[in-house]
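The values are calculated or read from the model by the stated rules, or taken from the named source; none is laboratory data. The structure displayed is predicted, hence computed values, not measured ones. Glycine also receives a Cβ, built like all others from the backbone with ideal geometry; neighbour counts cover every protein chain displayed. Please note that ligands, DNA and RNA were not included when accessible areas were found on the heavy atoms of the full protein model with its side chains. Shrake-Rupley method; radii C 1.70, N 1.55, O 1.52, S 1.80 Å.
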Amino acid sequence: MAKSVYISIATYNEKDNIEKLIREIFGLGLENLSVIIIDDNSPDGTAEIVENLKTKFPNLILIKRSGKLGYGSAHVAGFKFALEQRAEIIISMDADFSHSPKKIPELIAAIEAGNDVAIGSRKIPGGELVGWGLWRKFCSAGAMMASQAILGIKTNDLTSGFRAYGRWVFDLIDLEKIKSNGYSFLEELIYLVEKAGLKIKEVPISFLDRRLGQSKLSKKEIIKFFVTILKIKAGSFKNFKVDSKNKENSN
């Protein structure tokens with residue numbers, strides 16, 4: 001029997017993308033697959049679109065939140081729900097088609113091959129950024145280099161939100177203690193994954209700039225990313241349930 005897979009998608013004003021994305025994901029025909037949409041009270045009716053699709057897709061779950069509470073906390077909510085449902089693999093991805101659903105089977109295969117985390121990577125051979133201007137590429141490269149130099153992170157694409165995790169990862173890393181909320185959540189989580197000694201596989205992807213809707217990446221989020229680096233360096237982000245040496249016992 002196929003492993004139980006849950007896909008966590010955080011949304012805010014994604015009415016132009018969400019129905020097509022949901023249909024494409026379920027159109028992959030993967031067994032034992034569920035999709036969780038965590039919507040932060042989108043005023044454009046995103047949640048209503050998802051609600052209407054639940055009759056067609058029984059494995060579609062909608063978590064409606066009271067306001068714009070943040071990207072990181074949305075995925076924490078999605079991950080917790082998936083863990084409660086005994087998910088064996090948890091995937092995070094964006095709602096704007098920057099992450100192609102066609103790469104989902106490859107991420108799942110990477111976990112089934114024995115990796116703890118699989119990352120859809122723009123920063124390895126075969127990966128690419130499509131539609132980004134020079135300024136965004138410069139900011140992205142700067143974030144990677146700063147994190148690798150200051151924190152010793154080895155992952156090439158530590159800000160990619162297209163990831164798959166084996167459920168045992170969260171036997172080691174306590175979601176309740178995740179401190180970051182915005183996109184710096186991705187940075188904190190991959191730092192914790194590396195410090196726990198978990199095995200990471202980067203899978204090359206083509207990252208496509210969104211065609212519809214508005215980007216959620218703001219200058220404030222960029223600043224928070226670098227503040228998170230300093231907090232991690234200061235030693236304030238220590239978050240493990242068990243000694244990483246005992247990973248094999250939690251798998």
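The table below gives the values:
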read-out	value
Condition met for residue 78 (touching a residue at least 60 places away in the same chain (Cβ under 8 Å), closer than 25 Å to residue 186 by Cα and out of contact with any helix residue (DSSP H, G or I) (no Cβ under 6 Å at 6 or more places or on another chain))	yes
Some residue of the stretch 25-48 being within 21 Å of residue 200 (Cα to Cα) and crowded, with 23+ Cβ neighbours inside 10 Å	no
Residue list for the stretch 115-135, filter: part of a loop (DSSP other than H, G, I, E, B), open to solvent by 30 Å² or more (accessible area, probe 1.4 Å), in contact with a strand residue (DSSP E or B) (Cβ under 9 Å, 6 or more places away or on another chain) and not hydrophobic (A, V, I, L, M, F, W, C)	123, 125, 126, 131
Residues within the stretch 6-21 that are aliphatic (A, V, I, L, M) and either touching a helix residue (DSSP H, G or I) at 6+ places or on another chain (Cβ under 6 Å) or open to solvent by 50 Å² or more (accessible area, probe 1.4 Å) (or both), tallied	2
Given (1) under 27 Å from residue 108 (Cα atoms); (2) open to solvent by less than 30 Å² (accessible area, probe 1.4 Å), number of the condition residue 67 does not satisfy	(1)
Checking residue 85 against (1) more than 13 Å from the chain's Cα centre (by Cα); (2) buried (at least 19 other Cβ atoms within 10 Å of the Cβ); (3) within 24 Å of residue 11 (Cβ to Cβ), the condition it does not meet	(2)
Residue in the stretch 96-111 that is among the acidic types (Asp, Glu), surrounded by 19 or more Cβ atoms within 10 Å (Cβ to Cβ) and either touching a residue at least 24 places away in the same chain (Cβ under 8 Å) or under 23 Å from residue 187 (Cβ atoms) (or both) present	yes
Among the candidates 57, 79, 97, residue that is under 25 Å from residue 192 (Cα atoms) and among the hydrophobic types (A, V, I, L, M, F, W, C)	79
Single condition residue 91 does not satisfy, out of (1) more than 26 Å from residue 207 (Cα to Cα); (2) buried (at least 18 other Cβ atoms within 10 Å of the Cβ)	(1)
The stretch 226-237 residues that are of a type outside the set (Lys, Arg), paired with ones that are modelled with pLDDT under 70 and part of a helix (DSSP H, G or I) (beta carbon under 8 Å, 6 or more apart)	none
Strands (runs of 3 or more DSSP E) completely within the stretch 136-248 that count 2 or more residues being surrounded by 19 or more Cβ atoms within 10 Å (Cβ to Cβ) and modelled with pLDDT of 80 or more	163-166, 200-204
Test: residue in the stretch 71-93 that is modelled with pLDDT under 95 and not polar (S, T, N, Q)	yes
